[in-house]
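What follows is a short report on a single structure.
None of the figures in this text is laboratory data; all of them are computed from the coordinates on show. Nothing here was measured: the structure is a model prediction, and the numbers come from that model. Counting neighbours? That spans all protein chains shown, and the Cβs are built from the backbone with ideal geometry, glycine included.
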There are 2 protein chains.
Amino acid sequence: MAAVFRSSLKLRASARLPAVRTITTTPHLRAAEKPYFSNEPAGPKLATAIPGPKNKAATAELDEVFDVRSLNMLADYSKSVGNYIADLDGNVLLDVYAQIASIPVGYNNPHLQKVAASSEMASSLINRPALGNFPSADWSHVLKTGILKAAPKGLDQVFTAMAGSDANETAYKAAFMYYRQLQRGGPEKEFTEEELQSTMVNQSPGSPQLSIMSFKAGFHGRLFGSLSTTRSKPIHKLDIPAFDWPQAPFPSLKYPLEEHARENAEEEQRCLQEAERLIKEWHNPVAAIIVEPIQSEGGDNHASPAFFRGLREITKRNNVLFIVDEVQTGVGATGKFWAHDHWNLETPPDMVTFSKKAQTAGYYFGNPALRPNKPYRQFNTWMGDPSRALIFRGIIEEIERLSLVETTAATGEYLYSGLERLAKQYPEHLQNLRGKGQGTFIAWDTPKRDEFLAKGKGSGINIGGSGQSAVRLRPMLIFQKHHADILLESVEKIIKQL
Amino acid sequence: MAAVFRSSLKLRASARLPAVRTITTTPHLRAAEKPYFSNEPAGPKLATAIPGPKNKAATAELDEVFDVRSLNMLADYSKSVGNYIADLDGNVLLDVYAQIASIPVGYNNPHLQKVAASSEMASSLINRPALGNFPSADWSHVLKTGILKAAPKGLDQVFTAMAGSDANETAYKAAFMYYRQLQRGGPEKEFTEEELQSTMVNQSPGSPQLSIMSFKAGFHGRLFGSLSTTRSKPIHKLDIPAFDWPQAPFPSLKYPLEEHARENAEEEQRCLQEAERLIKEWHNPVAAIIVEPIQSEGGDNHASPAFFRGLREITKRNNVLFIVDEVQTGVGATGKFWAHDHWNLETPPDMVTFSKKAQTAGYYFGNPALRPNKPYRQFNTWMGDPSRALIFRGIIEEIERLSLVETTAATGEYLYSGLERLAKQYPEHLQNLRGKGQGTFIAWDTPKRDEFLAKGKGSGINIGGSGQSAVRLRPMLIFQKHHADILLESVEKIIKQL
């Protein structure tokens with residue numbers, strides 16, 4: 001089987017760097033599955049300590065002009081393939097962080113290579129349209145065969161944007177306009193003179209003191225509106241003016257779930273009650289709530305489908321819009337295309353935002369009244385990027401061709417079982433394992449989290465954290481059982497070093 | 001000379017559409033200049049009333065899924081070339097709006113076609129890095145040979161972003177962090193426990209009530225922070241919560257400038273005094289001011305270099321940062337690469353933001369203290385888009401190769417003279433002509449503005465407005481004197497129809 005995995009990459013790297021240390025597992029331990037990328041390496045390869053000398057030199061050069069203090073590693077994308085990310089020094093790591101959960105179908109995916117080489121792509125790059133004014137004549141086709149083909153059930157329209165932050169903020173704007181329109185008594189009602197004048201000096205009633213409610217530990221972006229709903233860490237928010245918007249508690253569940261069913265249900269009930277109280281009582285009326293299906297930056301915090309159904313009921317009951325932020329959870333990683341597909345909602349969310357694995361961004365909606373009553377109210381120069389919309393279409397095609405959502409569900413189960421075994425073996429290092437039935441969107445807490453992550457690269461894996469103490473797994477959708485085997489062995493190896 | 005202009009496009013269009021009406025001017029009236037695009041049409045071509053039947057059908061289809069009420073026209077970019085934009089019905093218009101002032105070097109520019117087809121481009125499209133964490137190893141090179149090569153004098157660092165709005169907002173965030181750092185007494189000072197806790201609930205002191213001052217009629221974007229500084233039109237702001245930030249008056253100059261020198265100087269003085277008063281007295285302390293070199297969306301409002309030098313002095317004197325928003329004015333259109341190059345500042349702006357013609361976005365800065373004191377304070381997943389950074393590098397190369405900034409200055413003079421002639425001939429239709437010495441960044445007021453713009457397409461030109469009553473010219477940098485001739489004739493033709 002090793003021959004199947006032997007890659008030209010490995011051969012080339014070995015030819016240049018005789019000291020390469022290939023990390024392999026005993027072949028009979030590996031799950032047998034046909035790899036999606038025939039040229040993927042058999043396993044991680046370490047040529048130097050990380051960062052190696054070339055990476056250090058290149059980082060110093062970049063530092064002259066660009067803030068590098070958040071740098072994780074400089075990558076050599078020309079040598080990265082599938083699930084493996086390469087650096088300048090010949091190191092090749094199994095990547096279960098995938099940028100920031102944002103590479104869906106592998107580095108140098110051949111199908112995306114074709115999309116990138118298409119004449120449509122070239123035109124979208126060099127004739128960039130202002131999509132609200134001068135869209136390309138095929139924009140409708142690109143949307144219908146791409147972004148909208150993946151639209152969540154019940155949502156058939158889209159406002160395209162550039163990144164998760166502005167996707168959320170334009171959704172907030174839609175919610176505020178909708179709220180005021182209801183207050184005014186309908187779309188045909190004109191603005192008052194007082195509104196027209198007061199808004200120019202940022203005062204009510206033209207610029208009303210309304211709010212968006214978010215949840216403790218939630219993350220929704222870093223621009224001024226989205227940051228006002230972000231509640232992950234102080235470092236994300238310090239020194240930046242914020243709107244006086246409410247924060248509801250998010251359930252703090254105990255694991256394993258099956259041993260704490262009653263407590264957890266009570267905790268969720270408490271949070272729902274408090275959420276509804278805030279909606280009713282907050283001094284700046286709540287136009288919408290926004291929630292992540294799994295709080296991702298905030299520490300991989302889960303809640304049950306019943307909790308989210310409860311939220312949906314509360315928003316319906318109180319005439320507040322329900323925005324689901326699928327920026328990190330969307331596009332397959334939880335074993336459903338959209339994580340909120342796990343909830344069995346009776347009515348769809350009012351808006352669903354997306355970015356990251358979609359490579360483009362925006363919000364889906366179904367209610368035509370969420371189109372503002374006049375043009376140019378929800379508008380900007382680019383309104384997204386057709387190049388990235390073409391890439392998302394290619395990603396959707398690849399997901400369908402390879403049934404990657406279903407595969408991710410199955411691989412996730414396999415991986416989760418392996419982690420359960422490790423959690424029994426090393427209970428002090430693998431606590432609160434979570435994400436069962438959520439594809440590969442899995443995490444656990446560990447007391448020496450930062451040390452754990454730092455040792456990842458030396459063990460051949462690129463792995464990330466979330467919140468204060470979680471290790472979060474965010475592999476790509478092409479992550480397979482044999483990759484899970486490598487990951488499990490690396491995790492065990494790291495634990496033994498702690 | 002006509003042979004030089006004969007394009008394959010024209011031949012193809014004519015072959016299919018025998019009814020095509022080609023708008024040409026008498027050859028001897030045309031300024032003789034070698035065209036940059038040998039395949040550009042000789043002039044606009046009208047095949048149908050606009051919008052034609054195919055455009056109407058395609059618009060109805062797009063309307064099902066995307067808000068089309070701001071639609072200007074659906075374009076067929078495969079048939080657009082150089083300064084000419086084509087639609088689905090065989091109409092080809094001289095484009096002096098250039099999307100929203102955002103196409104710099106022509107539709108289907110051959111050099112950009114090469115950039116789009118490069119392997120670097122393919123990799124940046126399909127292996128999209130989270131630039132703050134995993135930049136490509138050549139990111140430093142891409143920045144230094146591209147975005148930073150064009151950096152304004154005195155500014156040698158960049159924070160890359162996605163669009164003008166988030167470029168401005170990240171600049172505001174940098175300003176707030178810098179302001180609080182000065183208040184705290186330096187970068188090494190730690191946050192207090194009170195700050196850490198209060199910011200999580202959006203309260204002061206962690207989320208301080210600071211402000212950014214902007215100018216009446218200014219436009220800086222539509223996200224929540226940038227919209228709080230935007231003061232262009234109520235429709236941009238209504239129903240959206242805003243920060244309580246101050247608005248300074250922007251000079252309202254009288255034209256022709258040479259006849260109103262004293263009054264205009266007094267008006268600028270009045271505005272400067274009021275700006276300084278607001279900085280000293282506004283209840284939410286001002287961390288930075290932001291200003292456009294020419295207020296673009298707000299109606300093409302100009303001020304003198306002396307006014308901007310005065311602003312710079314005020315900001316220095318009051319320890320407030322000076323942000324110049326070059327999103328619309330940047331990249332050559334004013335006859336300098338950056339419009340603020342016209343000002344002869346003694347010290348550079350603290351930050352300069354860019355987007356539109358750059359196709360990518362961000363802010364330049366020179367002061368290393370504008371890098372926050374800790375990592376992850378100024379951060380997001382994408383932090384820009386390397387694909388668009390490669391396109392901007394190609395644009396810069398094309399600008400250099402063809403000396404497009406200098407050419408635009410010369411073409412602008414030629415065009416301005418022609419408009420002066422028309423203004424004398426039709427004083428009621430061409431008022432307050434402005435932009436002399438500012439390249440092709442020219443505008444005028446006209447009482448029947450919307451009617452004027454609507455008649456543009458029927459006269460073969462795609463032309464835009466700004467503010468309440470201005471016609472704004474935003475041709476590309478490849479706009480030449482022979483294009484100016486066509487434009488001048490079209491303008492006269494439209495005036496005669498009013």
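With the cut-off at 22 Å, report for region B:115-401 the share of all Cα pairs above it, as a whole percent.
Value for region B:115-401: 59 percent of Cα pairs lie more than 22 Å apart.
Neighbouring Cβ atoms within 10 Å as the yardstick, rank B:S38, A:S226, A:S136 fewest first.
So the ranking, lowest neighbour count to highest, is B:S38, A:S136, A:S226.
Magnitude of the Cβ-charge dipole of the protein assembly as shown, K/R +1 and D/E -1, about the Cα centre, nearest 20 debye?
1880 debye
Compute the acute angle (0 to 90°) between the alpha-carbon long axis of helix B:305-317 and the principal axis of greatest extent of the alpha-carbon atoms of chain B; round to the nearest 10°.
The helix B:305-317 is inclined about 20 degrees to chain B.
I'd like the distance separating the alpha-carbon centroids of region B:84-151 and region B:329-344, in whole Å.
Cα centroid to Cα centroid, the span is 21 Å.
Taking the dipole about the Cα centre of region A:356-424, with the C-beta of Lys and Arg at +1 and of Asp and Glu at -1, give me whichever of A:L404, A:L419, A:S387 is farthest to the positive side.
Sorting the options by dipole projection puts first A:S387.
Per 0.36 nm of contour for each residue apart, how much would the distance between B:K189 and B:E400 grow if the chain were fully extended, relative to their Cα-Cα spacing?
71.4 nm
Might you report the magnitude of the Cβ-based charge dipole of region A:188-325 about its Cα centre, with Lys and Arg at +1 and Asp and Glu at -1, to the nearest 20 debye?
Here region A:188-325 has a charge dipole of around 220 debye.
Which aspartates and glutamates have a Cα lying under 16 Å from the Cα of A:K114, excluding residues fewer than 8 positions away in the same chain?
A:E397, A:E398, B:E120
Identify all lysines with a Cα-Cα distance to B:K34 below 20 Å; exclude those on the same chain that are fewer than 8 residues away in sequence.
B:K10, B:K481
Among B:V405, B:V352, what is the fewest-to-most ranking by other Cβ atoms within 10 Å?
Lowest count first: B:V405, B:V352.
Find how many whole Å separate the alpha carbon centroid of region A:395-417 from the alpha carbon centroid of region B:372-401.
33 Å
Assuming R0 = 30 Å, can you tell me the calculated FRET efficiency for the pair B:N284 and A:L196, based on Cβ-Cβ distance, to the nearest 0.05?
Between B:N284 and A:L196 the formula returns 0.80.
Going 7 Å from Cα along the Cα-Cβ axis for the label, what nanometre distances separate A:R262 from the same residue across the other copies?
Copy-to-copy label distances for A:R262: 9.1 nm.
Of B:T199, B:Y36, B:V320, which is farthest along the charge dipole of chain B in the positive direction, counting Lys and Arg as +1 and Asp and Glu as -1 at C-beta?
B:Y36
For a paramagnetic label modelled at 7 Å from the Cα of A:D450 toward its Cβ, which residues of region A:214-240 fall within the zone defined by backbone nitrogen distances under 16 Å?
Output list for this probe position: A:233-236.
Rounded to the nearest 0.05, what FRET efficiency do A:E266 and B:K374 have when you use their Cβ-Cβ distance and R0 = 41 Å?
That pair, A:E266 with B:K374, gives E of 0.60.
Which of rounded, prolate or oblate describes chain B when judged by the alpha-carbon gyration tensor and an a/c cut-off of 1.5?
Prolate.
Under 18 Å Cα to Cα from A:K149, which lysines show up? Leave out anything in the same chain fewer than 8 places away.
By straight Cα distance, A:K149 reaches A:K336, A:K356, A:K357.
From Cα coordinates alone, what are the radius of gyration and Dmax values for the protein assembly as shown in angstrom?
Taking only Cα atoms of the protein assembly as shown, I get Rg and Dmax of 28.3, 90 Å.
Among B:K153/B:K233; A:K144/A:K374; A:K45/B:K144; A:K280/B:K233; A:K436/B:K374; A:K173/A:K280, which pairs are too far apart, with a Cα-Cα distance over 27 Å?
B:K153/B:K233; A:K45/B:K144; A:K280/B:K233; A:K436/B:K374
Pulled fully out, how much extra length does the chain show between A:A49 and A:E346, if you take 0.36 nm times their separation in residues and subtract their Cα-Cα distance?
101.6 nm
Based on the Cβ-Cβ distance of A:E420 and B:E33, what FRET efficiency does E = 1/(1 + (r/R0)^6) give at R0 = 45 Å, to the nearest 0.05?
Plugging the Cβ-Cβ distance into 1/(1 + (r/R0)^6) gives 0.05.
Once you charge only the Cβ atoms, +1 for Lys and Arg and -1 for Asp and Glu, what is the size of the charge dipole of region A:103-250 about its Cα centre, to the nearest 20 debye?
680 debye
Would you kindly derive the ³J(HN,Hα) couplings of region B:352-360 from the backbone phi angles with the Karplus curve 6.51 cos²θ - 1.76 cosθ + 1.60 (θ = phi - 60°), listing them in order in whole Hz, with x for Gly and Pro?
Taking θ as phi minus 60°, the curve returns 10, 9, 9, 5, 6, 4, 6, 6, 10 Hz for region B:352-360.
Going by alpha carbons, how many degrees (0 to 90, nearest 10) lie between the helix axis of A:386-401 and the longest principal axis of chain A?
The answer is roughly 60 degrees.
Output, in nm with one decimal and in ascending order, the distances from the B:D341 label point to the matching label points of the other copies (7 Å from Cα along Cα-to-Cβ).
So the label point of B:D341 gives 5.2 nm to the other copies.
Between the helical axis of A:261-281 and the dominant principal axis of chain A, each derived from Cα atoms, what acute angle in degrees is found, rounded to the nearest 10?
40 degrees
Counting alpha carbon pairs within less than 8 Å and at least 6 residues apart, what relative contact order, in whole percent, applies to chain B?
20 percent
Provide an ascending nm list, one decimal, of label-point separations from A:P249 to the equivalent residue in each further copy; define each label point as 7 Å from Cα along Cα→Cβ.
Relative to the other copies, A:P249 has label-point distances of 5.4 nm.
Could you work out, residue by residue across A:246-258, how many beta carbons of other chains sit within 10 Å of that residue's beta carbon, and then give the average as an integer?
Across A:246-258, the average partner-chain Cβ count within 10 Å equals 0.
Using +1 at the Cβ of each Lys and Arg and -1 at the Cβ of each Asp and Glu in region A:115-401, identify which of A:Q378, A:N168, A:A150 lies farthest towards the dipole's positive end.
A:Q378
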